[in-house]
Structure formats: structure tokens, C-alpha cells
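Just so it is clear, none of the values below were taken in a lab; they were calculated from the coordinates. This one's a predicted model, so the numbers in the text were calculated from it and none came from an experiment. A quick note on method: Cβ atoms are made from the backbone with ideal geometry, for glycine too, and the neighbour counts reach across all protein chains shown.
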Amino acid sequence: MAAALVGRGRSWLRWVLPFLEWAPGYRRNGQWKSDAHAAVVSAGIMLPQAVVLARLAGLPAQYGIYAAFLPVVVAALWGSSRQLLSGPNTAICLLLAATVSPFAAPGSGDYMRYVATLTLIVGAGQWLLGALRLDAVLDYLPVSADVGITTAVGITIILSQASYLLGQVPTYGIPSWETAYAAVVAGTTHVANLVIAGATVGIGLLAQRSRPLWVRRLALLIALLGGTLLSLVLDALYGSATMNFLVVGRLPVSWPGLSLPDFGSRELAAIPEMLSGILTIAYLGLVQSVVIARTLADETGQRLDLGQEIRAQGLANLTAAFTSGFAGSGSFNRSRVHARAGAQTQMAAVMSAFVMIVAAIAGSRFLAEIPDPAMAGVLVLVGLGLVDLRKLWAQWRIGAAQAALVAAVIAAGVLGGLQDAVIIGVLAPLAGFLSRAARPAIRVERTAERIHVHLDGNVFFASAQRIATVLRTLGEECGFRGCVDVDLRDVGYVDADGFAMLHREQARWRERGGSLVLSGEAGKA
């Protein structure tokens, strides 16, 4: 009895503090050197992404740094994936801006309070989903929809930077394609902005195609450094009055302090209107995290606990809500580089987060000089990286229906918003599956003594009427006389509607003097 209680206590403790499973023996395993190397590489990638993605979310740059610190530590320690690297995510940042900007101006105090409240709700919902072991709902986003959503995110990011590229004041609260169209038709272009942004993109593309691996891995950081240095040179040559581009400005980066989400009357009144955005952020964030974790687990052969992973992402977002961060999720490009840089355990992500914030604090004066067009150029690079032509071509080669689904998801994401893309990406394949499942194979064979009806498929609410029509047609042809044998051996399952239909038709034949026999076995839902 005592041993059983001790076992249960240990099991509960491991559920609450899962890192106790591997942390005590970490130093003995000798993995810290590989983890430390991966931490430095990942921090060099995470820092510029944190700065630019915070701007994408409509928040000051230091919020991105905070979102890439303690939430990353929590996600790593409480998660089961050894290489997954969480933090600010491009799609989530776009959704945050689209959800909150109708209620407050980006960067304002009200905006930050709305973001904190939204992040808290997202984190609580994700943790609850993991605690209830409902991870199966994440399987309803097919690969085609994921490709379409990722592509839509990339295009949206590029379009959203048009105002910064042309040196105009950005417009918030409208779709990115409208922002880009308004910026182009305005006809005003600040050449210095365009030069710096173009140079940033060019430097980044060259770095991504360079031979040394470390250069390719740090391409975004190199591009940001190049664009910033060019702006400083132009500023020195022509004067700040001539250049007239905005910079990040003073960054009060420090160890993150406590922040409190606000549930005042305005926030509570806005929650129902933001609900679709909140649900999309929570769902899409978990889908991306789980897909990345599964991919890395397949490559390394490690054991993955999806419930634990989901709870970890929820806890990370709860942490972000109270430490001046914002909602995030796993990042594929950071996680991939993190794994290839040698990350062996979750401690690599923990060390990476600490290296990143120390570098941000030490280099805050340089970060303050980053010009808006350089940040826009880095975001364009991020957007270009999300438009994977090989994956799009692979979907096109599958067939016209698959290509049409991907195109519909991309169009919905760019024109209507990522919520629409997720809805179409989930519902369209489900509708197609139900349409196919509603047409079971029905084979009718007649002999002198009876009629054999062989069913192959599922007998459920969507197919019940089709099967009933066949049985009634057979009955009308023979006046409901004789015997009909309905073979259910190849039926996967029968739901309540299908069960009721079969017995209703059986009773109809019996009343008319005939016989309808149900043979074989089928699972009943």
C-alpha cells in the first residue's frame, strides 16, 4: 500500500514537474557542450527574430525579447521534445495584430493590456486542452492546409511591410493587401528607406546562399547588421534630416518584470468579439508546435508525449502573459537550426534563452539604432522563407482538388485573414471526406431465392439515406416480397442514425410480408 502511494506520488510529481525525469542526470550525460554550442547559434537567430516579430505583432521590440526568454524556458522544461524551440511565431504575431488592432492602436498601453489578456486566455485554453488529453483535435489540419496557411503568412508579411519599405506611415486595422495597395497608389517613396530595405534583403539572400554553414544560419542577424550599418553610413554622409527614417529607439531591455493582464469592463466586453481570433491563435499555435515536435521526434527517434507538449505550450503562454511577453508557439526554422546545431536536450533551449537576453541587454544601444526599413527587410526575408515553392509544387502534382484547396487557403489567408484560412483548411478536407464517406460501395446480387446487398463503407448519418433509397427501390421492384440479405461484414461502423435506418427498413419489409436480414457484424458508434 505504501509503495503504491509512493509510486503515485512520484507519478504525480513527474506530471507537475516533468523535467525531474532528465534534469538530475544531465551533467553525468556529458551533453552540455553540444547544448551550449546549439544555444549560442539559436540565440543569434532568436534575437533578430524577436525584435522584428514584436513589430509584426504591433508591440515594442523589447516585448519580443521578453516573449523569447522565460516562455521559451518554460516550454523547454515542461515539454517532452528535446529540440523544439518556442517563442515568437510569425503567424501568431500576425493573428495578434489582426485580433487586437481593431480595439486599440498598436504600441499603445491599451493595446498591450489587450495582448496580455488575450495571451492569458490562449495559454489557459491550451493547458486545459493538454490536461484533458484532447490532442486528437490537432489532427484535423492536413498537410495541404498547413502549406497553404504557411504560404499565406509569408505573402501577408511581405505585403504588410510595403509602408515601411516606401517610407510611409503604416495603416493598422485593415488587411495587409489593402495596406500594400494604399502604399503603392499613394505615389510617395522615400528612396533611403527603399535602399536600406533592399540592401537588407540582398545581404540576407546572399548570406542564405553562402558556403559556410554558420553564415547561412545567422543570415537574418547578418542582414539586420548590414542594414543598420548602411543606415548609419547614410546618416553620417547626408545627415539625419535628409535620411528621415525612423529607428527602433531606446530599448528599456532588462530582466523581465511582472505584468498583470487586465480583465476590466472594456477587456471583458471585447473578448466575445476577439473570440474567433483567440481560438485561431490557440489552435494554430498548438498545431504548429505539435507538427514541429513530431517531425523532430521522427528524425531523432525520441519519445514524444503530445499531452505534455500541449500543456507546456499553454504554460509558456501563461508565463508570457505575466512577464511582458505575448502569445507564441514552436518555430520551425529556429527548431530546425537548433537541432542541427547539436541540441541534445531541453537544456539547450534554456541556455539559448539566457544567452539571447544577455546579448539583448548588452547590445540594447545597438538595437536602438536599428532602422525601420532594415526591420522591414528582415521581415521580407522571413516572409520569403515561408513561401516554399517546392512544397507548393508537390501539392499541385497530387491533383487538381489538392491544388484548389491550397489555393483557396492561400487566398482566404491573404484576402480575409488567417482565421478564414484555418477555417477553410480544416472544414474543406472534412467536407470532402464526409462527401466520399457518404457514398459507400453498394453491390446487389440476385438469385432465385433471395437478393444479396453487400455494403462496403460506413453506415452513418451521411450515408444512411443513400442506403435506405437502395433498399426501398429493391422493395418496390419485388413488392417487398421475398428475402433480402444485407451483408454488413465490410461495414466499419454503424452510428445511431444508421442503426435506426436499418431496423426501420427491416420493419418495413416485415410489415409487407417480406424479410430483410442483417448478416455479418459491424461496429456500432
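Quick notes on this one:
- Kyte-Doolittle mean at least 1.0 and Cα axial length at least 20 Å: DSSP H helices in the chain: 143-160, 191-208, 219-238, 347-362, 372-386, 418-437
- For the stretch 455-507 versus the stretch 361-416, the gap between their alpha-carbon centres in whole angstrom: 50
- Stretch gain in nm, segment SER265-VAL470, where the contour uses 0.36 nm per residue and the Cα spacing is subtracted: 67.9 nm
- Largest first and in whole Å, the equivalent-ellipsoid semi-axes of the stretch 441-524 read 20, 14, 11, each the square root of five times a Cα gyration tensor eigenvalue.
- Peptide ranges 373-381, 117-125, 89-97, 502-510 listed from the most packed, as the mean C-beta count within 10 angstrom indicates: 373-381, 89-97, 117-125, 502-510
- Antiparallel content of DSSP bridges confined to the stretch 441-524, in %, to 5: 30
- Estimated FRET transfer efficiency (TRP255, ALA394; beta-carbon r; R0 41 Å; 0.05): 0.35
- Fully extended contour minus Cα-Cα distance, from ALA407 to SER108, at 0.36 nm per residue: 104.0 nm
- Overall, the ratio between the Cα radius of gyration of the stretch 371-521 and 2.2 N^0.38 Å, rounded to two decimals, is 1.68.
- Note on the chain: with charges restricted to the Cβ of Lys and Arg (+1) and Asp and Glu (-1), its dipole about the Cα centre is near 1160 debye.
- q = 0.07, 0.08, 0.13 Å⁻¹, the chain: log10 I(q)/I(0) [Debye, one scatterer per Cα]: -0.49, -0.60, -1.22
- Sequence-distant residues sharing a close amide H with ILE451 (under 5 Å, placed H): CYS483, VAL484, ASP485
- VAL387 long-range amide H proximity, modeled H, under 5 Å: none
- Relative contact order (%) - criterion: Cα under 8 Å, at least six apart; region: the chain: 25
- Label-to-label distance, LEU206 versus ALA437, with points set 7 angstrom from Cα along the beta-carbon direction: 5.5 nm.
- Across the options ALA131, ALA76, MET375, the greatest Cα extent toward the positive end of the charge dipole of the chain (unit charges at beta carbon of Lys, Arg, Asp, Glu) belongs to ALA76.
- Here's the picture: a label point sits 7 Å out from the Cα of ASP490 along the beta-carbon direction, and within the stretch 438-476 the residues with their amide nitrogen under 13 Å of it are 440-445, 453-458.
- With a Förster radius of 56 Å applied to the C-beta separation of TYR140 and ALA368, the computed FRET efficiency comes to 0.80.
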